[in-house]
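A quick write-up on the structure given underneath.
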Amino acid sequence: MDHEILGSIVLLAIVTLISVVQNAFFASKVEHESKHCNGKGFQRPGSSAFDRVYTANQNCGHTYPTFLAVLWCAGLLCSQAPAAFAGLMYLFVRQKYFVGYLGERPQSTPGHLFGKRILLFLFLMSVAGILNYYLVFFFGSDFEMHIKTITSAISPLLLIP
């Protein structure tokens, strides 16, 4: 593979692989709680601990395709480094959400809200990259450097709760 192409996607690939490991961790928690509750199969009606782990895993799984889509679109169409940073922040927040959901549900709310904000940032990065493409295509105006500067400056603001 061309070194230049690989260099433009390596951070996104690293974040994607970390997210795969995180999904495996969540699945192992579900499996562990299932075995801990009864030791046979995965159906545990009435087990609130299993229900919380299972529901947290399902909730994280529902947003996972959206996360991957906006992560890769933002990284490829706009800027890799801020997208990868936002992706790492999202994984951290998703972990916080998962662990918070295992305790009491109000503990998971900050993680959920913060995760939505990060997904919005990645979505806006993707839209900016698409708009820049069409500005270049139709008008010959390239705002890529401006967009990269803005996204690089804004991405640390994601750390503010």
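The values are calculated or read from the model by the stated rules, or taken from the named source; none is laboratory data. Values in this document were obtained by computation on a predicted structure and should not be read as measured data. Keep in mind that these areas ignore ligands, DNA and RNA; they rest on the heavy atoms of the full protein, side chains included. Shrake-Rupley method; radii C 1.70, N 1.55, O 1.52, S 1.80 Å.
Relative to the longest principal axis of the Cα atoms of the chain, the long axis of helix 144-154 makes an angle of roughly 40 degrees. Ligands, DNA and RNA are left out, and with a 1.4 angstrom probe the accessible area of the chain is 60 Å² per residue.
Heavy atoms only, probe 1.4 Å: what % of the accessible area of the chain goes to carbon and sulfur, would you let me know? Kindly include the intermediate steps, with their values, before the conclusion.
Values: 6680 of 9660 Å².
Answer for the chain: carbon and sulfur cover 69 percent of the accessible area.
Helix 80-102 and the longest principal axis of the C-alpha atoms of the chain enclose an angle of approximately 20°.
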